[in-house]
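Below is one structure, written out as structure tokens; comments come after it.
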Amino acid sequence: MRNQGRKLLTQALSVGLVLAMAGSLAACGGASSVSPVSGVLPGTQTANTKHSDGVSPDTVGPVFGGGSTFISLVERSWMDCYGVAIAPGTCSAATVNPNTQLLYAAVGSGNALTAFLTQTPATSSPSNPPPFTSPLFPNYPYSEWDYSASDAPLSTTQISQYASTDQAQRGNAIELPITADGVAIPYNPSGLTVPSGGLQLSVDTLCGIFGGGITNWNDSHITADNNGVQVSSNLPILVVYRADGSGTTFLTENHLNTACASTSFPWPGGAASTTWTGPTGAGFQGETGSQGVAGEVAATAGALGYVGPSFLGPPNNIPSANLQDNYALTHPTAPKQYYAVSTNTILTALKKVTLPSNPTPTDILNDTIVPDSPTKAAWPIAGFSYMDFYQCYASKAVKNHSVGFVQWVTSTKLAEGQSLADKIVVGLGVAYLPATLKTITFHAMNQVVQGPVAGVCTI
């Protein structure tokens, strides 16, 4: 029955619900809701909204890629507003670029980075939602792989692999931040007595749950976190983790590896990996994709997991725990100890991150990982999602559409939070980049060119 319920939940989510999620996230413990998005940046509107029905593929140039399930709903919403939408009604604004349709297969960060490094389309089954084919381009696996999205940056080993196998043909790897992320901790409230302000989990308790040291909701640590309220007399905890290669796992384990070191429950797993290294026995269950985790949590009393905030809304409609920030550990008398995941708490965690102009993947690896921000009111499990492009493309159209898309997303023509791209991000519970990083990403995309270029790439 549990698997059947999860299947029905997954089937219930359609692309039309992606933007509708904005109005429900606040009630589910996500970011504040925003008004339905409309309008595009000044000077970018076209006469009519476009969608796949009735459009000839001969007039539309595709861009193929995908990856992270964490930001998959954000990416699909952006792409449906920037280019030809996959289905009518998925964006209330006029199409920015009616000459392209961007396709996104949510195969997970690990599979996407492999596709990028091997220049071979991913073949694993994508999570759905979001949809990964369209009436214009109905085939999967895709015919080519133009970009990847990941919540984990290229590792030192992967950077070396790219330099030895890809760089001569494709030029430099252009890896850039695209969103600021906070990993939510969703839980199933069935059978729990949750305080009016929401479930609170201290650093010690979070480490105990994910490390296998706390196995029942009646544990005294949980009671103490919630001002003496025993949330359950006897209900086992089921920790739901990602069974596939996942940037969400990378962000979560990096935090646990750092934050748990000084607690009663040191993290038994590793860090800096897209593969779950924590416990896998009784009380733990692996699921594929963010919707797989969220669906299992929604279907199972006592379950708890980790997902992007976009997956707290329909069809899952699950709350997220309030977490103790790192600042509280050194300021135990601070009046506020626990915070909800939101645009503000995510940006607070990442506001000190800086990058040089035209950053290399090594710069990204060294400068953008923040496993446990010490800043007051910072969401503790925070990081970035990235998009990886080749410096050189054989197709001028793919080059132009890729650059145009990223520069539309990261434009600073409007104030923070006011562009359509920013409103989509906030409505889905994630956070837009700080203005300084938007500017860096925007200008760094100018490195992408059509090949071949003497001394740079041979494609």
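No value in this document is a laboratory result; all are computed from the given coordinates. Just so we're clear, the structure is a prediction, and the values are computed from it rather than from any experiment. So basically every Cβ, Gly included, is an ideal-geometry build from the backbone, and we count neighbours across all protein chains shown.
The sum of -39500 (n - 2.57) across all DSSP H runs of n ≥ 4, divided by the residue count of the chain, sets its helix-only mean residue ellipticity at 222 nm to -8500 deg cm²/dmol. Exposed loop sites here are trypsin sites (Lys or Arg not before Pro) assigned a DSSP state other than H, G, I, E or B and surrounded by at most 16 other beta carbons within 10 Å; excluding them, the longest clear run of the chain is 1-335.
Between Asn366 and Thr333, the simple spin-label model (points 7 angstrom out along Cα→Cβ) gives 4.1 nm. Only one of (i) 58; (ii) 50; (iii) 68 was calculated from the structure for percent of Cα pairs over 27 Å apart, and its label is (ii).
Compared with the alpha-carbon gap, the fully stretched path from Lys376 to Ala435 is longer by 19.2 nm at 0.36 nm per residue.
With all projection directions averaged, the alpha carbon convex hull of segment 200-342 covers 8.3 nm².
Simple spin-label estimate for Thr59 and Thr223 gives 6.8 nm between the two label positions (7 Å along the Cα-to-Cβ direction from each Cα). As an exercise, use a Förster radius of 22 Å and the Cβ-Cβ distance of Gln447 and Gln161 to find the FRET efficiency, rounded to the nearest 0.05. The value I calculate is 0.60.
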